[in-house]
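Structure first, commentary second.
Every number in this text was worked out from the coordinates using simple rules, so none of it is lab data. Note that the structure is predicted; figures quoted are calculated from it, not measured. Cβ atoms come from the backbone with ideal geometry, glycine included; neighbour counts cover every protein chain shown.
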Amino acid sequence: MELGALICTPRSPNCPACPVATHCVALHEHRIEELPRPKQRAVVTVRRFLVFILERDGKFLVQQRADGVVNAHLWEFPNVEALPKDSVVTMAEKHFGAKPEAAEKLCIVKHAITRYRMTTEAYRISFGGTSYTSPQSASVWRTLAQLNKLPFTSAHRQIAPKREKSLPAT
């Protein structure tokens with residue numbers, strides 16, 4: 001790795017200083033500018049997620065990611081992937097089967113994983129007296145103390161401190 005980072009760099013290879021120059025195909029065939037061919041970078045994909053923070057009796061709704069998905073077995077708040085035009089209220093209604101009474105923006109977390117550039121928007125939502133259902137059977141209610149012991153995904157871990165500052169102590 002040091003060889004490629006310091007001596008055989010794509011823009012200015014230092015062939016005289018190279019310890020493997022005698023075995024180098026590019027040098028012997030006078031193709032230093034062509035070889036190795038740079039890898040094509042994957043196209044960047046922008047993604048938007050809406051995270052819903054729900055509180056009931058001093059507990060918060062969280063769910064554990066399933067087997068076979070990215071970040072399997074880590075914990076997160078209920079969330080959905082949304083298009084730029086999708087409203088928080090509409091997406092919460094689709095997700096929970098009921099229209100929320102209120103949606104308060106808590107924070108925005110921007111992060112990247114490989115070729116994905118993600119914006120995660122966290123909202124504290126409430127349904128008032130309206131009944132709603134959690135779409136994930138793995139959803140559970142946990143206190144703040146219990147949440148602090150759970151392994152969260154990186155984006156949701158960044159939301160947690162914001163949540164604690166925004167919500168009254170329980």
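The table for this structure:
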read-out	value
Estimated vicinal HN-Hα couplings, Hz - the stretch 107-124 in sequence order (Karplus 6.51, -1.76, 1.60; Gly, Pro = x)	5, 10, 10, 9, 7, 9, 9, 6, 8, 9, 10, 10, 10, 10, 9, 9, 10, 8
Mean projected area (nm²) of the alpha-carbon convex hull when the stretch 9-104 is viewed from all directions	12.4 nm²
Listed residue (TYR116, ALA138, ASN148) projecting farthest to the positive dipole end of the stretch 1-156, Cβ model	TYR116
Selection from PHE52, PRO38, GLY4, by position along the positive dipole direction of the chain (Cβ)	PHE52
The stretch 1-156 - charge dipole about Cα centre, Lys and Arg +1 at Cβ, Asp and Glu -1, debye rounded to 20	140 debye
Principal axes of the chain: Cα extent on each, largest first, Å	77, 35, 29
Choice from HIS156, HIS73, HIS23 with maximal GNM fluctuation in the chain (Cα, 10 Å cutoff)	HIS23
For peptides 128-136, 31-39, sequence by mean Cβ density within 10 Å, most packed first	128-136, 31-39
Those residues of the stretch 29-48 whose amide nitrogen sits under 16 Å from the label point placed on MET118, 7 Å along Cα→Cβ	44-48
Pairwise FRET efficiency - LYS39 versus ALA98, Cβ, R0 = 45 Å, nearest 0.05	0.40
For a label point 7 Å along the Cα-to-beta-carbon line of ARG157, residues of the stretch 108-131 with backbone N under 17 Å	109-114, 120
Burial order of peptide ranges 62-69, 76-83 (average beta-carbon count within 10 Å, highest first)	76-83, 62-69
